[in-house]
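Every number in this text was worked out from the coordinates using simple rules, so none of it is lab data. These figures come from a predicted structure and were not determined experimentally. A quick note on method: Cβ atoms are made from the backbone with ideal geometry, for glycine too, and the neighbour counts reach across all protein chains shown.
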Amino acid sequence: MQKTENEITNLEYLEKYNFSKRLAKLQKKLHGKRIVVYGVGQFFKTIYENYDLSGLNIIGVSDNRFVNHEPDEEFLGYKTYALHEITDLNPEYIIIATKFYMNIIEDFYYKTFKNKNIKIIPFVKKDFFTLFKEVFMSD
């Protein structure tokens, strides 16, 4: 099947940030940990379709669009949850699956999941200067 322009762009982005290596590190570090993936749009779909996520114990996925989800609704084989349902799952980690994640991590850490024992990390890891430019030099 031929890939769309968006999928190609996402794959190039993942390659630029050495996602294969990052995923291997995450699988080793988070082995057996309860994980919820947040921000499951086209970018996550590209990850799902092109990388083996079976080494991660993903107990569910969440996104703003699941606020009124059906009780047994799934996305790519994972049970869906609204943001407010995540703490009930007792995840040890929330992995943010978006290209631009700093504001989400900040919001989750200081507001949404404040005083919860949940670690919030990005799927794609970027260097400090890239993050700085995205946060402070964007339009």
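Quick notes
- Residue check for residue 59: among the β-branched types (Val, Ile, Thr), touching a Pro at 6+ places or on another chain (Cβ under 8 Å) and assigned to a strand (DSSP E or B): yes
- Filter pass, residue 80 being surrounded by 14 or more Cβ atoms within 10 Å (Cβ to Cβ) and assigned to a strand (DSSP E or B): yes
- Condition check for residue 114 on (1) over 27 Å from residue 24 (Cα atoms); (2) outside any loop (DSSP other than H, G, I, E, B); (3) of a type outside the set (A, V, I, L, M): one failure, at (2).
- Number of residues in the stretch 88-111 that are of a type in the set (Asp, Glu) and either surrounded by 15 or more Cβ atoms within 10 Å (Cβ to Cβ) or not in a helix (DSSP H, G or I) (or both): the value is 1.
- From 130, 98, 46, residue being within 23 Å of residue 8 (Cα to Cα) and without any contact (Cβ under 8 Å) to a residue 12 or more places away in the chain: 130
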